[in-house]
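Q: My questions will all concern the structure given below.
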Amino acid sequence: MNEWLFYLVVLMLPIAAYSGYRLGKRGKRTSRKSKSHLSRDYFVGLNYLLNEQPDKAIDTFVQMLEVDSETVETHLALGNLFRKRGEVDKAIRLHQNLIARPSLLPQLRKLALFELGMDYMSAGLFDRAESIFKELKPEPQHKAASLRQLMIIYQQTRDWTNAVSTAEQLQAVDHQDHAKEIAHFYCERAEQQLDLQDYKQAAASLKRALQIDSACVRASMLKADMAFQQGTPKQAIKAYREVIRQNPAYVPEIIAPAERTFQSLRDEKGFKQFLERSLEHSHSASAVLAYAELVEKHDGEKAAAEFIAKQLQKHPSLKGLLKLIAMHIEHAQESAKPSLQMLYDIVDKSYQSKPSFLCQTCGFSGKSLYWQCPSCKNWDTVQPLTGLGGE
Ligand SMILES: [Zn+2]
C-alpha cells in the first residue's frame, strides 16, 4: 500500500467510527443489523486496498461518506487528495456532490466551491474556474485567494486588460506591491496593439507601464522598437538611453538595436558616445566588442586588440576572449594557427555551454531572455548574467 492510500485509510477511520456510533444510537430504536452493515463498508474498502484495487476502495469510501457538517472536512480533504494525485475528475465529482447538498452551511459551500475552482484550474478548464472565482471574489474570506487565481487565469488566457484590473484589486487586498507585474501586463497589451499596428494605443499602454513602474526596462525597449518602426530614430535612441539609466544589466540587449538605429541616422559619433555611456554603467562584453569595432575601424586592429585585452584584464569574459583569439588567429603565423584554432574551439564550447540568463528567484537558467520566468512564473526575475560566462 503506498503512502497516499495509507493516508486515505487513516482519513476514513473517524468516519467509520462515527457512522458506527450514529447507527449504534439509531440502532437502539431500529435495528442492530444496519450498524454492522455500514461498518463493514470500511472493511470492504480496506480489503480492496490490500488487494491493490484502489479505485474500488475509493468508490466504497466515497459512498460511505454521508454529507453533513461532521463529514464535510473529510470530503474536502479527500477531494484535495484526489487533485494532488492528478485524479481531477474524481475531485470534481466529489466537490460537485458536496455543493449540490441543499443542507450544506453557506460557509462550507463556499469552501467547497473554492476547491472546485482549484479542480477546474488543474484540469485547465479556465472558463469554469473563472466564473467560480468571480462568484467568490466579494467574499472577504476568499477574496485574495480568488483574485490570485483570476490573475493566473487572465495571464494564461492572455487577457491583459482583466489581468491589470485584477492585479490592481489584489494590490488593495493583500497590500503587496504588484507594480512590476502590472507594468508587464501593460507591455503585453502594447505588444498585442503593436501587432495590430495600433501605435496610438500601444504608446498609451507603454506610457501607463512606465507610470506604474518607472524602472520597467521592457517598456523602454518596446518604446524604442516602436519609434524605430515609425521612422523616428531619435526617439528610439532616447528610449535606449533610458534603459541604461533604468537597469544597466540589460545593456547587452540594446547594443545591436541601438547600433542599427544610429546607422540609420549615419551617426557613428553618437553611437560611440552611446557605447562610452554604456561602459560607464556596465561591463557588458557586447558593448566592449561594439566599441572595439569602432576602434578597429579608425585606429586599426592592434589598437582594437589592445582595448579588448585591457577590458578583459578588468572584467574577464569568455565572449571577449573569443574575439581576441579570433583576431590573433587572423594574424598568426601559419604554424601557430591550428593550436590557436583549438584554443578558440575549447573556449567557444565552454562559452556555449554556459547560460546567458538566470532567474533571481528560482535559479532557472537559459540562453534566452524571458520577461516571465517559465519556471516560477515571476515577472522580471530573469536577468542577463554577468561575469566570465555571461556578459
Ligand atoms: Zn524563476
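Just so you know, all these numbers are worked out from the coordinates, no wet-lab data involved. In this text, all values refer to a predicted model and were calculated from it rather than measured experimentally. Don't worry about glycine lacking a Cβ; one is built from the backbone with ideal geometry, like all the others, and counts go over all protein chains shown.
Q: Of (1) in a helix (DSSP H, G or I); (2) without any contact (Cβ under 8 Å) to a residue 60 or more places away in the chain, PRO140 satisfies all except one. Which?
A: Exception for PRO140: condition (1).
Q: Sort through ASP348, ASP380 and tell me the only one that's of a type in the set (Asp, Glu), out of contact with any Ser or Thr (no Cβ under 7 Å at 6 or more places or on another chain) and either within 10 Å of the ligand (Cβ to nearest atom) or within 22 Å of LYS319 (Cα to Cα) (or both).
A: Step by step, each of ASP348, ASP380 is checked, and only ASP348 is of a type in the set (Asp, Glu), out of contact with any Ser or Thr (no Cβ under 7 Å at 6 or more places or on another chain) and either within 10 Å of the ligand (Cβ to nearest atom) or within 22 Å of LYS319 (Cα to Cα) (or both).
Q: Same structure, new question: Hey, does segment 218-234 have a residue that's within 16 Å of ASP380 (Cβ to Cβ), in contact (Cβ under 8 Å) with a residue 40 or more places away in the chain and crowded, with 22+ Cβ neighbours inside 10 Å?
A: Just the residues of segment 218-234 that are within 16 Å of ASP380 (Cβ to Cβ), to begin with: 218-222.
Filter once more, keeping what is in contact (Cβ under 8 Å) with a residue 40 or more places away in the chain: 218.
Within this subset, residues satisfying the condition of being crowded, with 22+ Cβ neighbours inside 10 Å are 218.
Checking segment 218-234: at least one residue is within 16 Å of ASP380 (Cβ to Cβ), in contact (Cβ under 8 Å) with a residue 40 or more places away in the chain and crowded, with 22+ Cβ neighbours inside 10 Å.
Q: Mind counting the residues in segment 90-114 that are assigned to a helix (DSSP H, G or I), more than 14 Å from GLU139 (Cβ to Cβ) and touching a residue at least 24 places away in the same chain (Cβ under 8 Å)? Don't jump to the end; show me each part of the working.
A: Here is the first cut: in segment 90-114, the residues assigned to a helix (DSSP H, G or I) are 90-99, 106-114.
Checking the rest, the ones that are also more than 14 Å from GLU139 (Cβ to Cβ) come to 90-99.
Narrowing further to those that are touching a residue at least 24 places away in the same chain (Cβ under 8 Å): 90-92, 94-95, 97-98.
Summing the residues that are assigned to a helix (DSSP H, G or I), more than 14 Å from GLU139 (Cβ to Cβ) and touching a residue at least 24 places away in the same chain (Cβ under 8 Å) in segment 90-114 gives 7.
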